[in-house]
Structure formats: structure tokens, C-alpha cells
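What follows is a single structure, written as C-alpha cells, with notes after it.
The values are calculated or read from the model by the stated rules, or taken from the named source; none is laboratory data. The structure presented is a predicted model; accordingly, all values stated were derived computationally and were not measured. A quick note on method: Cβ atoms are made from the backbone with ideal geometry, for glycine too, and the neighbour counts reach across all protein chains shown. Accessible surface is based on the protein model in full, side chains and every heavy atom, while ligands, DNA and RNA are left aside. Shrake-Rupley method; radii C 1.70, N 1.55, O 1.52, S 1.80 Å.
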Amino acid sequence: MKQMALSILVNPTGSHAASWLHPGTQADASTDIGYYRRMAQLAERGKFDLFFIADTPAARTTNLEAWSRFPMFMNVFEPITLLAALAGATRHIGLGGTASTSFHEPYNIARQFASLDHLTHGRAAWNVVTSANDFAARNFGLDKLPPHALRYDRAREFVGVVQALWDTWDDDAFVEDRVSGHYFDPARQHTLHHEGKFFRVHGALNVARSPQGHPVIIQAGASDTGKDFAAETAEVVFSSDSTLEGSKRFHDDLKSRMAKFGRAPEALKVLAGKPILIAESAQQAEDQYQALQELIHPDVGRMRLGTDLETDLSDLPVDEPIPEGRIPKTSNQHKMYFDHIVHMIRVEKLTLQQLYMRYERGNKTLKGTALQVADQLEEWFTGGACDGFMLMFNLMPTGLADFVEKVVPILQHRGLFRQEYSGATLRDHLGLARPANRHAVAAKAAAARAAAARAAAE
Ligand SMILES: Cc1cc2nc3c(=O)[nH]c(=O)nc-3n(C[C@H](O)[C@H](O)[C@H](O)COP(=O)(O)O)c2cc1C
């Protein structure tokens, strides 16, 4: 029986905007390494595939009064550093993090993730994002983000260079032969000569090919360009649609795009984003959720909505609808979120407060008892909406603990989720093949051609 993949997107106090205000969360969790260790170990006890850290490389610098009430990304560890610190605290669970193609050089990323893959014995994953944040752009010599299409052009070239660098060395290049006196075999190094639109790289990576060959590539593009990019390069994609039908459409659309890049549908796993709130009864879950919603300060509501609508809403009254004239003509950031809000404004005609109370960035919290949560996950999974889930918990650590204790056993009992890890690497967990080194593949093909030519000549 096919089994689902489970990943957690770690928000230190929880995925809910007001989670840090809740007495059950740890307010200073975001820079407490002991806390992260415990969370990673808890997810590993639950046999999760992946422990995932999202990121944007900037603290906000404006509207600080509102941001001070919703401190997301204002005080967080750099993901690769954090994941490296978790390597020794865990043994099985995959460790994934975000790094932006708009603000790095491919060499750095190739080296960092190859190193992380070695440190974790094959459990590393890189979430490739183009970033959607002008605050980040201003930290890297830009006034604002380059246009969406240009960011994706750069991302495509960036990933190509990173993957080529990961193939610098044949798997067996480091012979460490004290008899011949060769530490590595010079014939098994492959220098990259890349001259592209965005990058010039003539060189070789100074770290051996890593346990997974290539760390797992994650993506979450939702635009047409983003989906094509994912179909071409990604091995895990995070989707966010609140309906089973919408998720299934996204899943099928994405997988149908893969053929034109010569890829099989199994080479990519779609994980549906799901915020979770578990309680003893459905009513209790609803009550807890409403109590959390009530904690959202109006300034935070305006600010979060305004961020995704790409316009400042701070002067608008919360008890009236957003005027049509305040809707920007186009989006340059998260198109999907933008379109969703515009749809809510135009079709549902809600007041600003109703809007921010309802808007969940494309996701809808799955609330209920452990059994209800397990039932819904099963329905989505068996209904073909996804290959697994990117779970977020409204409140941490209680949300994750409840899930591991109460939902995982139900899924295991139904045969929908693993009882034990059966492989060593993240690729093993996800059922993804280890990519062969392109130079080894080419050499093998050349040898086969030469042998065929010899045989024909005889
Ligand atoms: C589960 C999930 C995690 C994401 N993590 C990040 C992140 O860490 N950093 C980031 O800049 N964007 C992140 N994104 C946003 C996506 O990378 C992407 O920009 C967004 O889905 C919009 O797609 P588009 O750029 O193709 O329009 C995430 C999206 C999802 C659904």
C-alpha cells in the first residue's frame, strides 16, 4: 500500500499569527536551540520524513508597531546553521531549509547543502525560493525585487549550476590510497565551465559528492512559471489549496508538466500544506481556534493582509470593505495569495476585519479530534490530492505532540504511514531515486557506444 509522507513546517510557537501570545507556547523559542532539538526529536519519534525551516533573509524595518505584535522572521536562526546543529541531535528525519536564489551565489549554496548532506549522512533538503520580499532585496544591494519572471530565470540557471557543482566529483573520486600516494583520482574530478545570463562559474566544488548524490530539491512555486520550474527541477513541492479538488488539480497539473522535461511523475512528491489544530472534540477545536483568532490585533490583521495584497492598508477602518481603488493592478510577490485576497474582496465583499479573520494564506486550518484529522488526511491522500502533507501546528509544541501521540498511530494502524524508518536517507524515506553523477552516466554511454562500434567493425 502506498504510504503518505509527513513533513513539519516549524514555526517556533506555532503557525497561528497570535500563537506567541498563547500561554501554552514558549515566547523565546525561535532562538532556543534546545527547543528546536526537542521538536526535531519529537517529529522523529513520530517517524516524520522531514523537519523543515522556512526563511526570508530580512527583518522588517517599517510599520514596526504592527510587526512588534507579530514577530514572524524578526528574530530567527539562519536555516542551514540551525539544521547543522540539529544533525547530531537526530538520526533519521530529513532536515530541510530555505535558501533564496535571488540573494546567493550558486557555489555557496552547493557547498553548504553538500556539507549538510554529509553532516546528516544523507538527510539534507534545499527549498529553492525566489523570495517575495523587498526588505530582503534591500539587504542585498537592490532597491526592490527583480520582476517575477526574471527571478525565475535566475533560479533556473542557479539550480542548474548547483546541481552541476554537486557532480564535480565521481562518487568514488576520493581513493585516499596511501600506497600510490593519491588522495583522490585526478581523472574523477569534473571541472564546471558555465557561462550564463546570471552566473559565470569555472571551477570545482571542494567537497566530495554527498551521500544522496544531490540533496533533495524542494519548491513551492504556485504561479505558472513556478509550476514549470518545479516540474523541471523539484522533487518535493509544497502546495497550498484549501480544497481537496483544488489540491488534486494542482497535483495533476504539476505532474502532467513533468513529461516535457523527461521526468516520471514518481520523481516528485506533492505535500499539501495543512495547519492543524487537535482537541478533544470538534467543538473544543473550534472554540480554541476562535479564541486564537480573537488574539489577532487589528494592526496585525491589516498588516498581514496588506503584505500579501502588496499595499498599505494601515489607514483603513476595519469594519468596512477594502475599496476597489486600493487593489493593486498586478502582483510581483506571491501571486496566489494576492489573487485569493482579491477574490475575497470582490466576491465575498467582507469587511477588512472579516477578511483578516478568515484569510489563512491559501491554507485552511484542519480542526477537530485526532480521528477527524486522520480521516481528512486519509481522504486527501487516497483521493489523489497529494503524496503527503506539510503540516503546520497552530500551537507548538502541543500541536506536534498531540499529532505524534494521537494521529500518527491511527495513520499507522490504517497502513497509511510507516511504523519505522526503513532507509537511511531522506531520499529513501520519500521513495526518491539517488541521482547518478552525470559524468559517470556520460562515460558509461560513451563506453557502450565504443563497444557497439567495435562489435560492428568485427
Ligand atoms: C509550505 C510553503 C513554504 C514556503 N516557504 C517559503 C520560504 O521559506 N521562503 C520564501 O521566500 N517563500 C516560501 N514560500 C513561497 C513560495 O516559495 C512561492 O514564492 C509561493 O508559493 C508563490 O509562488 P510563485 O512565486 O510561483 O508565485 C513557501 C510556500 C509554501 C506553500
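In this structure, D117 does satisfy being under 21 Å from V216 (Cβ atoms), out of contact with any Gly (no Cβ under 8 Å at 6 or more places or on another chain) and either modelled with pLDDT under 95 or surrounded by 21 or more Cβ atoms within 10 Å (Cβ to Cβ) (or both).
What number of residues within the stretch 197-231 are charged (D, E, K, R), within 13 Å of the ligand (Cβ to nearest atom) and either under 16 Å from W126 (Cα atoms) or open to solvent by less than 20 Å² (accessible area, probe 1.4 Å) (or both)?
In the first step, residues of the stretch 197-231 are kept if they are charged (D, E, K, R); the result is 197, 200, 209, 224, 227-228.
Filter again for within 13 Å of the ligand (Cβ to nearest atom), leaving 224, 227-228.
Keeping just the survivors that are either under 16 Å from W126 (Cα atoms) or open to solvent by less than 20 Å² (accessible area, probe 1.4 Å) (or both) gives none.
Result for the stretch 197-231: 0.
Each residue in the stretch 307-336 was checked for being under 24 Å from Q290 (Cβ atoms), assigned to a helix (DSSP H, G or I) and open to solvent by 40 Å² or more (accessible area, probe 1.4 Å), and 1 of them qualify.
Could you list all residues from the stretch 83-108 that are of a type in the set (F, W, Y) and free of Cβ contacts under 8 Å to residues at least 12 places away in the same chain? Give the derivation first.
As a first pass, look at the stretch 83-108 and keep what is of a type in the set (F, W, Y): 103, 107.
Passing the criteria: none in range.
Return the total of residues in the stretch 135-155 being open to solvent by 10 Å² or more (accessible area, probe 1.4 Å) and either of a type in the set (G, A, S) or within 20 Å of the chain's Cα centre (by Cα) (or both). If you could, list the steps in order and put the result at the bottom.
Of all residues in the stretch 135-155, those open to solvent by 10 Å² or more (accessible area, probe 1.4 Å) come to 135, 138-144, 146-150, 152-154.
In the following step, the residues that additionally are either of a type in the set (G, A, S) or within 20 Å of the chain's Cα centre (by Cα) (or both) were identified as 141, 148-149, 152-154.
Within the stretch 135-155, residues that are open to solvent by 10 Å² or more (accessible area, probe 1.4 Å) and either of a type in the set (G, A, S) or within 20 Å of the chain's Cα centre (by Cα) (or both) number 6.
Elements of the type strands (runs of 3 or more DSSP E) sitting completely within the stretch 170-234 and holding at least 1 residues that are more than 30 Å from D339 (Cβ to Cβ): these cover 192-195, 200-203.
Residues satisfying the criterion are absent from the stretch 345-354 (criterion: within 16 Å of the ligand (Cβ to nearest atom), open to solvent by 70 Å² or more (accessible area, probe 1.4 Å), farther than 27 Å from M392 by Cα and of a type outside the set (F, W, Y)).
Here is a yes/no grid of residues against (1) within 16 Å of the ligand (Cβ to nearest atom); (2) more than 23 Å from G24 (Cα to Cα):
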| position | (1), (2) |
| --- | --- |
| A264 | no, yes |
| A279 | no, no |
| Q283 | no, no |
| Q293 | no, no |
| G301 | no, no |
| S314 | no, yes |
| K329 | no, yes |
| Q333 | yes, yes |
| H343 | yes, yes |
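Residues in the stretch 357-376 that are among the aliphatic types (A, V, I, L, M) and within 16 Å of the ligand (Cβ to nearest atom): L366 alone.
W380 meets all of the listed conditions (1) in contact (Cβ under 8 Å) with a residue 60 or more places away in the chain; (2) assigned to a helix (DSSP H, G or I); (3) more than 16 Å from the ligand (Cβ to nearest atom) but one, namely (3). A Cβ distance below 7 Å, combined with a sequence gap of six or more or placement on separate chains, defines the contacts here; from the stretch 172-196, residues that are open to solvent by 70 Å² or more (accessible area, probe 1.4 Å) reach residues that are of a type in the set (D, E, K, R) in the pairs D172/R188; Y183/E176.
Evaluate the following for G423: is it in a loop (DSSP other than H, G, I, E, B), open to solvent by less than 70 Å² (accessible area, probe 1.4 Å), under 13 Å from A5 (Cβ atoms) and not hydroxyl-bearing (S, T, Y)?
On the way: in a loop (DSSP other than H, G, I, E, B): yes; open to solvent by less than 70 Å² (accessible area, probe 1.4 Å): yes; under 13 Å from A5 (Cβ atoms): yes; not hydroxyl-bearing (S, T, Y): yes.
In short, yes.
When the stretch 259-301 is limited to residues that are farther than 30 Å from A230 by Cβ and in contact with a Leu (Cβ under 8 Å, 6 or more places away or on another chain), the one that is surrounded by the most Cβ atoms within 10 Å (Cβ to Cβ) turns out to be G301.
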